[in-house]
Each structure stands twice: as structure tokens, then as C-alpha cells.
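> I have a structure here, written as C-alpha cells, and I will follow up with some questions on it.
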Amino acid sequence: MKKILQLILWTSIFNVALAQPAGYWQQQVDVQIKVLLNDQAKSLTGEIKMQYQNNSPDTLRFIWIHLWPNAYKNDRTAFSEQLLENGRTDFYFSNETQKGYINRLNFRVDDEVVQVEDHSQHQDIVKIILATPLPPAGKLVIETPFNVKLPAYFSRGGYIDQSYMLTQWYPKPAVYDKAGWHPMPYLDQGEFYSEFGNYEVAITLPSEYKVASTGKLKSSTEKDNTQTLVYEQENIHDFAWFADKDFEVLHDTLKLASKTIDVYAYYNKANKENWTRSLSYIKSAIITKSKWLGEYPYATVSVVEKAGAPDAGGMEYPTITLVSNNGNEKMLDYLINHEVGHNWFYGILASNERQHPWMDEGMNSFYDMRYSQLQYGTNSTDPLETNSAFFEKRNPEDWPHTLLQTIIGIRKDQPIATGSEQFSTYNYALVAYNKAAEWMQLLETELGKPLFDKMMQQYYERFKFKHPHPADFKAVAEEVSGKNLDALFSLLYSKGSIQQPVKKDVRFSSFYNLKDTDKHHTISLAPAVGFNFYDKFMIGALVHNYSLPFNKFQFFVAPLYATGSKQVNGIGSLRYRWNFYNTLDKIEVGLNGSSFSQKHSLDTAGKKIFERFSRIVPSIAFHFKNSNRSSLKSWLDIRSILINEKQFDNYEYKAGSDSIFLYPTTLKKVVRIINQLTFTLNDKRVLYPYKYQLQVQQGKSFYRINSTAEYFFNY
């Protein structure tokens, strides 16, 4: 019997060792918090105790601490600067009552006060200096009181009236891993990276509030119109909670293979109609990810509706997620599936989202595509519905894919492996989410679905509750598949399309057609109308090939019959462009033309005649490259303007008139050419935008230089 027990023990140890990545280690931070919500002052008062275990092979002499509420302290934080870069001024122009901060800190380590140093650049990061260095396998206890003045809702957390979203609200140690320390400021575009641990959080607040929280409720007590709720959760790296007096709550249970879990939905009763099926959406998300990746490990899962006006998307935290009010049941299903899915990619597989957003958003979006195929028969992760047959026939089935191919076509995409804060705003959405999801689909195709699923399940099992890096994911993929995947993984670091181009045919359409543009060149025909004082009402047709992604060669022509002048007028344009990734953004050559009447009179017979004006403009423009996150654009435009006019000539007096009238009898042709060179520098930043233009013109008898400067002063 003893030998059998020894054999079982050694087998267990061997299996555990196989499941551990070779040489892998991570720190452990167990957290206890007591916190009080003051809903009148919109503040938190609390104390935190963190047991920090050094599992690294290094001796630590300091620990970086994130104080992310200070991101809302003033307009000189990384958060504020990034919002301005992304075109938002709401926080910059907010008043002091809307801003937030954390203070009243008094850090102690093992019950001794420690020296604290500010970060040289960021107000929401500090360094605590350890009086006694922490050796490998050593432990210490970090404690501090804290006070948080909550900000208004600008990014993920804060308050909207008396609805509270408590996210990134307490001091948190930065991650220390094999690459060293990862102190990072709070950003709106760019998520998080934190150490795993076991949490116990006691929340005290007025009794009339309903609370949704990370973890499982262990106890609840009431005293003097206040309630204290204690939540516990193991193996998490973040803790969020939400409080609102008006929450409506739905609850059910879900039986998984090894346990039964609690499922909660918290919503505003005004949106009850959309939320009637919310529990089934949550269950579907849990069931599918548990099947495809590995069983959901926690005892509860909750989805909370954000108060206030609708906005895009939601935000995930371990066991709980916040989603926006969207007014659409199908959209709610998509949002819930995506955000609950982050329990796997963020909560359990906790990659560094700031450096490798594709390992979180991209992988999760791939499973959104699979879920969409299962539930709705389409790979599209875009749930928008037009409820119009006209638009359904012409709009793409997958808007994100079409927009992704558009930015790739104009060479403005960035590699999938780009860090969050380096992405332009549109690339963050289209590349980190959609292109990364399409890359995962490519990997699935390369391996075959059964082997791909086996690989992902092995990845989940090996790295759950850990911090996997791209190399870890690649190692598992190659180990399980037995294939060298260097070529496929190299696509993560390159620009351009990951799809093989196909030969396109030409099709004709009415108005426009953006459907299946990866297979067809579309020429569209639409009615066109116009009006001017001389030609009067004009009717004709618009023929064009404008589409998404943009064609390198674009044209439109619109011949118009004028009911006033009885002549054929029109406008047209031919344009060809070359896009580049390096010094130049693009070179564009074009030819524009137009022809209309500009004046009318009577001839000697009393017949109405018209002067004609036509213009042909050949041009070439050089657009210079700036960084992906720059709002500055500059270009050099060279063009010739060829003006052809037919003007009245040879005036005659008409005999028998009561007064002198001169009537034009012929039209003379007048040709003018103006050559023009224009350099433009235009910065459309949201604060103090400016535009500078220098122009040189030359005609038959003149040269002219002019300069224009525009500056907008924000006050």
C-alpha cells in the first residue's frame, strides 16, 4: 500500500512538472482590503495589506507600486496626454470636482515605515525602497492606508451620478518577471499586467446599494444603515466592484463538468427588454469557452450594465465584466460573449496586455468569430443590422474586415505584435483585435481544427493563472503540432495583408456595392442631379468605381443634361495612387475636369445663348510620412489649371429698338493656364490645431507667391 501511495505521489509530481513551463516563475501577491464608500463625497477610504512572495531567482531591493487613481489627478498624466492624442478633450477640460486621485498613503513593510520615491515621469507610479532586500523565496508584508477621490467616468471606472464603477482603485505592485520590472502608467488605450494572488475584500457602503463584485460573497452584515460585504477569490490578479441603488438582478446557476457556478446579470430596469435573455448569453459564453479551451475555474460569473449614455464595448475583470447600454439584444449577446471570454484571455491567461494586446484581444476576438459562426452562421464579429434590404445587399458582411483591408491597402497598418500605446487608434481596434483574430484563423487552418483545439487546450492547461509570452504560445503550438511555425509567427511582426490575393473579376452594380470586394472590382451606376443659375436643373448619371478597400485607380464621371441651356455638362475625375510604408505616405496623380455654362444672353434673333466654362486639372501630389500616432500631415501639390472659356464677342445693335442694345453674335475662345505649386503643413491635433500653406502660382503675365497661416487657440 505504501509503495502504491509513493507511486501515486511521484506520478502526480511528474505530471505537475510536465505542466510547468521549464524555468518559469512568477511572483505571488495575496491581498486583503477593507474599504468604505462615501457616496456623498464620492470617495473611498481603506487600508490594504499585501503579502508579497519573491519567487524569482533575484534579490529585490525595491518594489514598484501602481497608484492608478492618480492618472485622473491633472492634465499632465500619461492618461490625459493619450486622450488628447486620440482626439478627446473631455478630461482635459474637466473641472476639479470631476478629477480624481489617491492619497493618505503611508507604506510600511513588515511593520516598518519605508522610503518612497516618485517615478521620474509618471504621477501614478511610486517606488518603495526595501530597508532589507528581499531574497529569492522570501516574503514580506506591505501595508498602507489610502484614500481615493473618485473621478467622474472618463475611462473604465469612476462614477456616473450615484452609480459607482470601482476599477483600478487600490495600490498594486507592478509585475516583476524574467524581463524585469513592468511599471506602467494607467492608459485608456492599453490595458493591464498584474500579479496573481488570493484576495479578501471587505466593502462597507450605505445599505440601499446593490453590489456586483469580483469573487464570491462570503458574508454580509448590516449596522446603522450600512452594510459590509466580504468577497473572496483565489488565483486572480485584479479586483473590481460596482455599486448602484437601481440595479435589477438576475441569478441562475450553471452546471459545468466538475462543479456548478453562479451566474448573475445586473442591469438598469429601463433596459429590461434587452436583458431578458442575458443569463442565457452569459451561459453560452461560459459553455463554449469551457469546451473550446478549458473549464471555467471560478465559482461565479457576473455581467454588469454601465449606467449613463450608450457607448462602445465594455471592460473585463476577473469573474465580472462591465458592458455598455447598447439598445440591441444581438449586440448584447456579442458584448457579453466577448467580455466574458476575457476571463480566459486576461483573467486566466494573463499575458502582458500593454506589450502584447493581440494575445488578449486578438485571441479573444478569434473565439468571437467562432461563437458568431455557431450562433448566427457568420464569422463576422460585427453585429450591426441595418434592417434595410437596400443596404444589406450592398454593405459588407464584416465591416471590421473591410476596414482592416482598407488601412492595409493604403499602407497605414501596423504589425500585430505592436504594443498598445504605439498603435494608432484605428489600428488598435482593427489590428490588435481583427487582424490578430484573422491570424489565429490562419493558424487554425494550418493545423486543422481538431489539432488547433488540442493545442489551445494544452496552452490553457499549461499557462492558466500564469503570464504567457508570445514565445510560450509558439512553443506550445509547435510542440503539439510537430510543425515548424516560424513563417506563420513571423507574420505577427510584419505589415500588410496575411491573406493571399485572388484575381478579381469586374461586376456592375447600382449605386455602390461593398460586399465581397476581395473578389470583385465594382463599377457602379447611380442617378445624378445638379443645378446652377444658368443651366438650371440638370439630370444625368454617376459612373464610378469608388469602394472599400480603396482602388489604386479611382474614377468617376457624371454627364448631366441641362434643362436650361439644353447642353450636356458634367464633372469627372481620374486618380491613381502609390502608397508606401517609409518616407513617403503616398504619391497621387490625377486628372479632374468639369464643364458648365457661366453666363447667358440673347442673340440678334432673340435666342438665348450661353458662355461656356470648362476646366482640366492634371496634378501630382507627394504626401509625406509621419508617425502612426501623429496628427500632423504634410504634402506638396503640383498642378496645372487649364481653363477654356467661350466668351461673348462681336456685339451688334438691333435696329428698331427703343433703346440701345448690343447683342453678341459670336463666341470667342479664351484659353488660360495657371501653374501652381502648394506646400501644406496641417496639424489637426485637438488642442491648438494649425495649418500653414505656401503657394506659388504662375500665369501668362504674372507670378504670385502667397502664404496662409491658421492657428486655433483653445481656452
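> Report the paramagnetic label zone for Tyr690: residues of segment 607-649 whose backbone N is under 15 Å from a point 7 Å from Cα along the Cα-to-Cβ axis.
The answer is 631-634, whose backbone nitrogens lie closer than 15 Å to the label point.
> Something else now. Probe 1.4 Å, all protein chains in place: accessible area of Glu339 in Å², nearest 10?
Accessible surface of Glu339 is approximately 10 Å².
> Also: Can you give the extra length, in nm with one decimal, that the chain gains between Lys519 and Trp399 once fully stretched, where that is 0.36 nm per residue apart less the Cα-Cα distance?
Additional length available on full extension: 41.6 nm.
> What does the accessible area per residue of the chain come to in Å², with a 1.4 Å probe and no ligands, DNA or RNA counted?
Value for the chain: 47 Å² per residue.
> Also, quick follow-up: Return, ordered by residue number, the residues of segment 423-457 whose backbone nitrogen is under 14 Å from a label point located 7 Å along Cα→Cβ of Tyr24.
Counting only backbone N, you get 456-457.
> Follow-up. What does the net charge come to around Met50 if you take all other residues with beta carbon closer than 14 Å to its beta carbon, with K and R at +1 and D and E at -1?
Here the count lands on -3.
> If the cut-off is 20 Å between C-alpha atoms, which lysines fall inside it for Lys483, apart from same-chain ones fewer than 8 positions away?
Counting by Cα, and skipping residues close in sequence, Lys483 has these lysines nearby: Lys449, Lys454, Lys474.
> How far apart, in nm, are two points set 7 Å out from the Cα along the Cα-to-Cβ line at Asn198 and at Arg104?
Modelled inter-label distance: 3.0 nm.
> Here is a further query. Taking segment 32-113, which trypsin sites (Lys or Arg not before Pro) meet the DSSP loop condition and have no more than 12 other C-beta atoms within 10 Å?
Working: sites: Lys34, Lys42, Lys49, Arg61, Lys73, Arg76, Arg88, Lys99, Arg104, Arg108; in loops: Lys42, Lys73, Arg76, Arg88, Lys99, Arg104.
Sparse-neighbourhood loop trypsin sites (Lys or Arg not before Pro): Arg76, Arg104.
> Sticking with this structure for a sec: Calculate what fraction, in whole %, of the accessible area of the chain sits on carbon and sulfur atoms when a 1.4 Å probe is rolled over the protein chains.
Carbon and sulfur atoms account for 55 percent of the accessible area of the chain.
> Over segment 514-607, what is the percentage of antiparallel beta bridges among all DSSP beta bridges, to the nearest 5?
Counting DSSP beta bridges with both partners in segment 514-607, the antiparallel share is about 100 percent.
> Another question about this same structure. Taking only Cα atoms, what is the 0 to 90° angle, nearest 10, from helix 329-341's long axis to the longest principal axis of the chain?
The angle comes out at about 50 degrees.
> Let me check I've understood the local charge: for Lys684, count other residues with C-beta under 9 angstrom from its C-beta, Lys and Arg +1, Asp and Glu -1. What total comes out? Let's see the in-between values first.
On the way: positive: Lys633, Arg685, Lys691; negative: Asp683.
Around Lys684, the charge tally is +2.
> Find the centroid of the Cα atoms in segment 682-715 and in segment 116-145, then give the distance between the two in whole Å.
For segment 682-715 versus segment 116-145, the Cα centre distance is 52 Å.
> Moving to a separate point now. Would you calculate the separation in nanometres between label points at Asp453 and Asn38, each defined as 7 Å from the Cα along the Cα-to-beta-carbon direction?
Computed distance between label sites Asp453 and Asn38 equals 5.5 nm.
> Send over the Kirkwood Rh of the chain, from the inverse of the averaged 1/r over different Cα pairs, rounded to one decimal Å. Don't skip to the end; give the middle numbers.
On the way: mean 1/r = 0.0333 Å⁻¹.
When all Cα pairs of the chain are included, the Kirkwood radius is 30.0 Å.
> With a cut-off of 8 Å between alpha carbons and a minimum separation of six or more residues, what is the relative contact order of the chain in percent?
Numbers: 1577 pairs, mean separation 53.8, N = 715.
In percent, rounded to a whole number, it is 8.
> Using 31 Å as the Cα-Cα cut-off, could you pick out the over-long pairs in Lys393/Lys552; Lys73/Lys684; Lys552/Lys669?
Details: Lys393/Lys552 24 Å; Lys73/Lys684 26 Å; Lys552/Lys669 36 Å.
Pairs exceeding the cut-off: Lys552/Lys669.
> In addition: Ile410 label point, 7 Å along Cα→Cβ, cut-off 15 Å on backbone N: hits in segment 61-99?
Answer for this model: none.
> At 222 nm, what value in deg cm²/dmol follows for the chain if DSSP H runs of at least 4 each add -39500 (n - 2.57) and the sum is divided by all its residues, to the nearest 500? Let's see the in-between values first.
Working: 13 runs with 140 residues, N = 715.
Helix-only estimate at 222 nm: -6000 deg cm²/dmol.
> Shifting gears a bit: If you keep only loop residues by DSSP, which trypsin sites (Lys or Arg not before Pro) in segment 435-490 have at most 10 other Cβ atoms within 10 Å of their Cβ?
none
> Can you give me the distance in nm between label points at Arg615 and Val249, each placed 7 Å from the Cα along the Cα-to-Cβ direction?
Between Arg615 and Val249, the label points sit 6.8 nm apart.
> Once the Cβ-Cβ distance between Gln422 and Ser601 is put in as r, and R0 is 60 Å, what FRET efficiency do you end up with, to the nearest 0.05? Intermediate results must be reported in sequence, preceding the final value.
Values: r = 64 Å, r/R0 = 1.06.
Once the sixth-power term is evaluated, E becomes 0.40.
> If each residue of separation counts as 0.36 nm, what is the full-extension length gain between Ser640 and Ala487 once their alpha-carbon separation is subtracted?
Residue separation times 0.36 nm, minus the Cα-Cα distance, leaves 50.3 nm.
> For every other residue with a beta carbon closer than 15 angstrom to the beta carbon of Asn74, add +1 if it is Lys or Arg and -1 if Asp or Glu, then tell me the sum.
On the way: positive: Lys73, Arg76, Lys99, Lys149; negative: Asp75, Glu81, Asp90, Glu96, Asp118, Asp124.
Neighbour charge sum, excluding Asn74 itself: -2.
> Next up: On full extension of the chain, what length is gained from Val671 through Gln698, given 0.36 nm per residue of separation minus the C-alpha to C-alpha distance?
This chain segment gains 8.3 nm when fully extended.
> Nearest 10 degrees is fine. How inclined is helix 399-409 to the longest principal axis of the chain, computing both from alpha carbons?
Around 70 degrees separate the two axes.
> Based on the Cβ-Cβ distance of Ala179 and Val113, what FRET efficiency does E = 1/(1 + (r/R0)^6) give at R0 = 45 Å, to the nearest 0.05?
0.90
> Excluding same-chain residues fewer than 8 positions from Lys536, which aspartates and glutamates have a Cα within less than 20 Å of its Cα?
Asp603, Glu611, Glu645
> On a straight-distance basis, which lysines could pair with Lys259 in a cross-link, Cα separation under 16 angstrom, same-chain partners fewer than 8 positions away excluded?
Once the sequence-local lysines are set aside, what remains near Lys259 is Lys216, Lys283, Lys289, Lys291.
The values are calculated or read from the model by the stated rules, or taken from the named source; none is laboratory data. Here the structure is a predicted model, which means the values were calculated and not measured. Cβ atoms come from the backbone with ideal geometry, glycine included; neighbour counts cover every protein chain shown. Surface areas here come from the heavy atoms of the whole protein model, side chains and all, with no ligands, DNA or RNA. Shrake-Rupley method; radii C 1.70, N 1.55, O 1.52, S 1.80 Å.
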